[in-house]
Every structure is written in C-alpha cells, then in structure tokens.
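For reference, the structure discussed in these notes is given below.
The values are calculated or read from the model by the stated rules, or taken from the named source; none is laboratory data. Worth saying up front: this structure is predicted, and the values here are computed from it rather than measured. Cβ placement follows ideal geometry from the backbone for every residue including glycine, while neighbour counts extend to all protein chains displayed. Heads up: the accessible areas ignore ligands, DNA and RNA and are worked out on the full protein's heavy atoms, side chains in. Shrake-Rupley method; radii C 1.70, N 1.55, O 1.52, S 1.80 Å.
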Amino acid sequence: MKLKKIRVAIVGATGMVGRMFLKVLEEKKLPIDEYVLLASSRSAGKIIKFMGKDYEVKLLSETSFDSGFDYALFSAGGATSLKYAPIAASKGCIVIDNSSAFRMDKDVPLVVPEVNPEDIKQNKGIIANPNCSTIQAVVPLKPLHDKYQIKRIVYSTYQAVSGAGIKGYTDLENGIKDIPPQKFPYPIFSNCIPHIDDFMDNGYTKEEMKMVNETRKILHDDNIAITATTVRIPVFNSHSESINIEFENEFDLFELKQLLANSPGIIVQDDTKNNIYPMPLNSNGTDEVYVGRIRRDFSVTNGINIWVVADNIRKGAASNAVQILEKML
Ligand code: A2P
C-alpha cells in the first residue's frame, strides 16, 4: 500500500528565519515528500537552492493552500500570519507559526518541544512558536520550576540584530560604515537600544510583555511574578539573557547545576576559574541552550542568577519550529 505523500509549505522562505527553516530541514532529512516555497511579490520567481534542487519561490495568495498541504511553517510577519494561517488551517493544513499573531490565543498551543510537547495535541490547526527570548529562557526554567517552584523571575536581555530580520542585520553591517539605520530608531553599532517592538501604555515594550505572558502560558502557571527589560545590542546573532529567579523551595546549588546539566536541550558552561561561560560566538549555528554563571542570589532567601545564551534564529525560531514538526511526523 502506498502511503500518502507529505507536503509542506514554507511561508516567508526568503527571510532570515525562512532561510534557516530550509537549512534545518536539509540537516534533519525528515520524511517529507514535497516542499513549496512561498513569499511576497518582491521575491516570487526567485530561485532558491534547497535539498540539492532549484526551487522557484511562489507568490503567497489566498489559493496557495488549495492544492492540499499537511503542514506549513510560517515566518512572514504577524499580518501575513493573521491573514493566511487561518486559510491554510481551514484547508486541513497544520500551521506552525513563528509570528506573535496567535501566541496568546487560548485555542493555540505555544510549544517548546523540550518543555511542553504534550500541548501539541491540543492544536486546532495552528501551533505557535514562542518569541525567541522566551524559548531560550523556558528551556532551563522548566526543570527548575518542576523541582523548586519558581515564585518570581526578572529577565534582562541582550538581543542580537538578527532577531529584527534581514533589515536589522543590515543596520549593524551598515552602521559600522556610518550608514544611517533603516530598521532601528537609532544607530545600533556602538550602541544598545532598550526598545524592542512597540511601547505599550504600561511603559513596557511588547517584547517585554511577550516574555511575561508567554513564559506563564508555556509553564502553565499564571502565579509566577515576572518582569522583563529587553535590549537590542550590536551583536549579529545569538541572544543573551540574565535571568534572576526566586524559588518557593530551598535548593542545593550543586544539585541545581546537575539538574540543569541533565535536562534536555541544555549545555551547562559554568567554570569561572577557567573563564568558561556562555557567549554568542559559541552558540551560533547550534540548537542547544547554554547556561552558565549559575550562582546564588544572596539578596533573597531562595534565589539564583543564571546567564543564558542561544542562537535566536535556530533554537529561538527555525529549529524550534522544525522540532515541533518533527514531533508531529
Ligand atoms: P519577501 O522576500 O517577498 O519580502 P525578514 O523577517 O527576514 O525580513 O523576512 C520576512 C519574510 O516574510 C520574507 O520571506 C518576505 O518575503 C516574507 N513576507 C513579508 N510580507 C509578506 C507577504 N505579504 N506575503 C508573503 N510573504 C511575505
């Protein structure tokens, strides 16, 4: 008996994350029979090399999903997802969406495969990929929450320009040559900008509130107190985060480090005597989350500080989405 062919659409295939979807799919060699690459009229007709073949980029339209897809990976911005993901889902395609459009929708699971893979089953046609900063944070927070019960989290992020797409990346390249920015409100070279996504009435940015709300949703715990400050820095790729955590329960620091080292998706790099700690240059091109500078916060009863680094385009976006797809296959 011949099994049905598996067809996958890549929406936003020409973008920063879209191209990484293609790279990760090439690496993983999943049992997928056919791919279709989609983008806007700016890129339709372009040829992209993928899996050793030439693929012509097709124009995304309301009829793109009529031919029957099993899965679609979307990374073409929130407006594109809002319009086209429901169309794809209505035609029987399961969408894994990298935008923020559906993340807080109660009918849409928000998934990090190391943390809440069981939520995938709840999908009604759309699964959301969390924000890049949230993904790398919840990978170490999950085992810590299970064992010591997290009471409060203070996030401070140091985010790479690749998180702002090709235009953000170009702003840093151009800034080195003193060319004014196109994407960021100020030059990013030799600067850091405490402003990621739009400001809200409560004084926070949307990026900061994404970290607060998405962390609670993924850990299934609305009682955790969370605050965040997110900052863009002049690093090309890989986000870094200082995370201060307060627990309900007591802990032994050695055991806590062992717990992190033995949890899925984590590499502990914590040997300060030899200057070993996570850094963007070392996480680029990998799918693990690196954790170091693990130390007691002496200002509270049961607290720690950790430093967490990951490739935001891979684990923070493309690889996480492809890992969700892999679980479903
Ligand atoms: P295009 O190449 O046609 O502009 P990035 O975040 O790196 O800038 O990438 C954004 C991705 O989303 C690109 O692949 C871009 O395609 C795609 N995209 C943006 N707007 C649309 C749209 N309206 N329809 C389809 N694809 C879109």
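If you take the residues in the stretch 70-97 that are touching a residue at least 60 places away in the same chain (Cβ under 8 Å) and open to solvent by 10 Å² or more (accessible area, probe 1.4 Å), which one is farthest from the chain's Cα centre (by Cα)? Here the residue is ASP70. Does LEU25 fit the bill of being in contact (Cβ under 8 Å) with a residue 60 or more places away in the chain, open to solvent by less than 20 Å² (accessible area, probe 1.4 Å) and more than 13 Å from the ligand (Cβ to nearest atom)? Answer is yes for this residue. Residues of the stretch 1-22 that are in contact (Cβ under 8 Å) with a residue 40 or more places away in the chain, touching a Phe, Trp or Tyr at 6+ places or on another chain (Cβ under 6 Å) and under 23 Å from GLY316 (Cα atoms): VAL8, ALA9, ILE10, VAL11.
Residues in the stretch 272-310 that are of a type outside the set (Phe, Trp, Tyr) and assigned to a loop (DSSP other than H, G, I, E, B): 13 in all.
Look at the stretch 41-67: where a residue is more than 22 Å from VAL95 (Cβ to Cβ) and away from the ligand (no atom under 13 Å from the Cβ), no partner that is open to solvent by 90 Å² or more (accessible area, probe 1.4 Å) and among the small types (Gly, Ala, Ser) sits 6+ places away or on another chain with Cβ atoms under 9 Å.
Scanning the stretch 164-200 for residues that are in a loop (DSSP other than H, G, I, E, B), under 21 Å from SER75 (Cβ atoms) and not β-branched (Val, Ile, Thr) turns up GLN182, LYS183, PHE184, ASP197, ASP198.
May I ask you to say which residue of GLU114, GLU208 is of a type in the set (Asp, Glu) and part of a helix (DSSP H, G or I)?
Numbers: GLU114 fails: part of a helix (DSSP H, G or I).
Just one listed residue meets the conditions, GLU208.
The strands (runs of 3 or more DSSP E) falling completely within the stretch 3-51 that include 3 or more residues that are under 24 Å from the mean Cα position of the chain (by Cα) and not aromatic (Phe, Trp, Tyr) map to 7-11, 34-39.
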